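Structure first, commentary second.
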DNA sequence: ATCTAGATTGTTATCGATATCATCTTGGCC
DNA sequence: GGCCAAGATGATATCGATAACAATCTAGAT
């Protein structure tokens, strides 16, 4: 796999790395290092004339500011840390994008990590992040190891938990009730006449949002007097498209008269729908299927998929906004809770016969 | 949207942030700061006894190592920077995951940025990254502004360009020829009897990999004597699922007898297939469709989608491995090129009638 | 008993920027 | 003309760890 035929030796000779410092730029221009430092900042008082000369020198010499030195003396790292369960999941990468966008032009940079839905990995990552002395940290969910909580509380920086409404928030929260959202979906579909509800989710509580959705489903189906829901657990969360396909087969084998199946996410819903079609079943005529999260796939899929539209990007933006507030306000204000919106999006995959 | 009813003031009182330093831990244990510093490292020579006592103190006090201070004096930031066009695209987030995984237990941390497929944004990000003094940097593609190139060359750190084979590599390369990969797909489909080829891609050269795939398509169709390909450009890259659907409508309106349509990515291919089904056309019987990238969706979709399987995760792992090599070897070796594998995956979306 | 290599620990200087305070200009105002 | 405020610039200490070297100690060899 490696092509060694042509050992091109490019510019990267050792020692080529001229470590240029601010002091050298200063000498070149004939000012003090402090003035060069000031020239790099918007607010500082440097004459336009001097700043211009300095910036020309910076260009000419190819100097690049060293923030690691600066953050030590200013005691501001310029980092915001964020942990998401997975970056391959577009819901969370939308949130990450929201954070990055909100941080633009604030001089803050995002340090991103993914926990793989594991609290232990989250704990390790939190420690790794705190070693960089971030000015704030954004987490996904409210379920953390006790050591993680202790580290966060001791860090003395604003913390935002997202995507859920934790029972005991550490500090700020930007999220919504996954339980309520799923309940709303159940009620909406019930009001359309569906009676026999199935549910597809993962096998463990690793994915706390998944568990909350499941309990929202179960609780609401029972409240509506529709008996216990038909639940299939399949695979370690997050469950994949393929597992969604396998799960619906199990579910329909066990309860062939199921009218509508709710899935923990659009990904599994998509897998379920495709598997049905592959087996010659019609969706929604033979079985209706809904997802959660409103991934891009759901509006494009044929049939398009009924789902809950979550404001993933907004969660990121607002979480970052909360942090910025807290950093401005001195962080003395204690935590607050920002509820983010969600809504049911009814699409073809749950259309009732003749309802067109 | 904000719930201010219950202003919970949690532990985050101002001044709560005890800035604990290594010196204080040292005093607590009765050793020097240097010994504490050593206790945090694997290789350093500290007696087990002392290390244990130090670590207990660290736990008891809740001390967290400060890497920003350490990296200044050791002149090693512990960062690797990586820039991808988008984190919402699972191909690239797979690459990011590969990098992160390869970096595990190396003491190096990933600084991730996304360029939005724009060279100017890449330039800004490169500068922002270099300010953190990363020990190496991984880029996507070989197309950079000249200032970006200059900064990179001057930085004196190993650089890896990925996902393409740049004509003038800066340093290391881990990638494959998008042109060749698409050519292979064309030849494979031609050998199955397809003659009238269409292509769907974006409107501009922003996405250089997209352009390369396009030229691979065009070149090969002509080489095979199948006339000029029928090309539809639709939308600013990266084109979405929805745009794929719109594009195939245009394409089939203009050239109704097209037998097979290749798309710049699986996402647009999926959109195209779904739009066809929505309009009552059969895939592949009425028109065959193929994509590029082997996204999860493509094996699940009904019909499953013919595509090029790219080793996205492996690109990340190998790019990181190249960097680690270079960091070990002192970086004196100059650049090398690592070719990553790809393969045609034939699926239902291009099955010839009766070929089952 | 003496010596030495290796292990363990300490001391001091330093990484490269910025905070802070001091100094020097400059222009406006009475 | 003299005084003062605001603006521009400089000097120095410092952020919190680690590199480099020095000092001390231990165990085994002679």
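What the table below lists for this structure:
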item	result
Residue satisfying all of: in the stretch A:310-350; in a strand (DSSP E or B) and in contact with a helix residue (DSSP H, G or I) (Cβ under 9 Å, 6 or more places away or on another chain); surrounded by the fewest Cβ atoms within 10 Å (Cβ to Cβ) among these	A:343
Conditions (1) within 14 Å of chain B (Cβ to nearest Cβ); (2) modelled with pLDDT of 95 or more; (3) closer than 21 Å to residue A:94 by Cα; number of the one not met by residue A:246	(3)
Residue tally, condition assigned to a helix (DSSP H, G or I) and farther than 18 Å from residue B:62 by Cα, over the stretch A:129-179	2
Scan of the stretch A:25-46 for residues that are within 14 Å of chain B (Cβ to nearest Cβ) and within 9 Å of DNA strand D (Cβ to nearest atom), ordered by number	A:37
Scope the stretch A:108-123; condition at the interface with another protein chain (Cβ under 10 Å from one of its Cβ atoms) and under 25 Å from residue A:68 (Cβ atoms); matching residues	A:109, A:110, A:111, A:112, A:113, A:114
Condition check for residue A:76: assigned to a helix (DSSP H, G or I) and more than 8 Å from chain B (Cβ to nearest Cβ)	no
Residue satisfying condition, being in contact with a strand residue (DSSP E or B) (Cβ under 8 Å, 6 or more places away or on another chain) and in contact (Cβ under 8 Å) with a residue 24 or more places away in the chain, within set A:122, A:127	A:122
Which listed residue, of A:64, A:58, is within 16 Å of residue A:35 (Cα to Cα), within 7 Å of chain B (Cβ to nearest Cβ) and modelled with pLDDT of 95 or more	A:64
Residue A:185 being in contact with a strand residue (DSSP E or B) (Cβ under 7 Å, 6 or more places away or on another chain) and closer than 28 Å to residue A:222 by Cβ	yes
Some residue of the stretch A:75-96 being exposed (fewer than 14 other Cβ atoms within 10 Å of the Cβ) and within 16 Å of DNA strand D (Cβ to nearest atom)	yes
Residue selected from the stretch B:22-65 under the condition in a loop (DSSP other than H, G, I, E, B) and away from DNA strand C (no atom under 12 Å from the Cβ), by the criterion farthest from residue A:128 (Cα to Cα)	B:42
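The values are calculated or read from the model by the stated rules, or taken from the named source; none is laboratory data. The structure presented is a predicted model; accordingly, all values stated were derived computationally and were not measured. Glycine also receives a Cβ, built like all others from the backbone with ideal geometry; neighbour counts cover every protein chain displayed.
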